[in-house]
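Just below is one structure, and these are the notes that go with it.
The values are calculated or read from the model by the stated rules, or taken from the named source; none is laboratory data. Remember, it's a predicted structure, so these values are computed and weren't measured experimentally. Here Cβ is always computed from backbone atoms with ideal geometry, including for glycine, and neighbour counts include all displayed protein chains.
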Amino acid sequence: MTSIDVHQLTKVYGATRAVDGLTFSAAAGRVTGFLGPNGAGKSTTMRMILGLDRPSGGTATVGGRAYATLDNPLRVVGSLLDAGAAHGSRTARDHVLALAVSNGIPRRRVDTALEEAGLATVAARRIKTFSLGMRQRLGIAAALLGDPAVVLLDEPSNGLDPEGIVWIRELMRRLAREGRTVLVSSHLMGEAAAFADHLIILGGGRLLADMPTDAFLASRSRPRVRLREAEGSGLRDLLVRRGYDARAAGDGAFWIEGARAGEVGALAAARHIPLLELVEERATLEEAYLDLTADAAEFAAVSPVSSKEA
């Protein structure tokens, strides 16, 4: 098992603290979503983990070692930070082959990685003819080349079509099931909710949240259920008498604030009350994330001032 461990990691550019005393761990066997507004420090942190930027303070290690000290780094860590970094005049296969040869990786892994990324049929094409989504797939093929125990992906869904998004989601889940450490930055909250088991959320270079996805969602929203009962069953009145707040939701349904579906369902079953609808609602990851980072966003839209207010 190989984890990513960041301890009091700091990066200062002049008067700007891009990363400020950051501490977290990304464990093996799960997909860790690395989230935060623009300028939160996500990419800078990933660059320091990979030894591309030198920390102003603190440490970032993989399996207890700094990336620069790894004997065969591509066999331990695979990464995608910039899909446009590949030389456009090379073919896809030559690009991945060059990485294999220069890092002592068997040539057979080249075709395996290209096939896994869905590029086997276009391996002989020059990279400059690739779309953004195809370049993303090529970057992921390069990240998987060394069959690494740790995978870091920065915005891997950029440029992918719907099929590609489903593919990358399933790939990340499979890598985690195989016991690998997967750290993925994303600004697409709907996607992050679909693939992340655990969340690391930054704001202004600092840690705002470090917890399982389900726990984070529960911490940022009060539960409620939408309930529709058979006419005259009396369930709504019974719930109100038990201290729940009920209000109309339209179409004959109503909201029960502070309740969970299991509680309401059990109560209805105990009294043999038929239910026409019972749905639990909680905040989406996007809503919970925006609530948490509202004061940490570097760029935020404001409503225009009307001529009457000016």
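One residue alone among Leu153, Leu160 is of a type in the set (A, V, I, L, M, F, W, C), buried (at least 20 other Cβ atoms within 10 Å of the Cβ) and not in a loop (DSSP other than H, G, I, E, B), and that residue is Leu153. Which of the residues spanning the range 1-50 are among the charged types (D, E, K, R) and touching a residue at least 40 places away in the same chain (Cβ under 8 Å)? Within the range 1-50, Asp5, Lys11, Arg17, Asp20, Arg30, Lys42 qualify. Only one of the numbered conditions (1) without any contact (Cβ under 8 Å) to a residue 12 or more places away in the chain; (2) part of a helix (DSSP H, G or I) is violated by Pro106, and that is (2). The single residue among Pro55, Pro37 that is over 25 Å from Glu170 (Cβ atoms), at pLDDT 95 or above and outside any strand (DSSP E or B) turns out to be Pro55. Val225 satisfies every condition listed in (1) buried (at least 18 other Cβ atoms within 10 Å of the Cβ); (2) part of a helix (DSSP H, G or I) except (2).
This table checks each residue for (1) buried (at least 22 other Cβ atoms within 10 Å of the Cβ); (2) part of a strand (DSSP E or B); (3) touching a helix residue (DSSP H, G or I) at 6+ places or on another chain (Cβ under 8 Å).
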| position | (1), (2), (3) |
| --- | --- |
| Met48 | yes, no, no |
| Ala68 | no, no, no |
| Ser79 | yes, yes, yes |
| Arg93 | no, no, yes |
| Ala100 | no, no, yes |
| Ala113 | yes, no, yes |
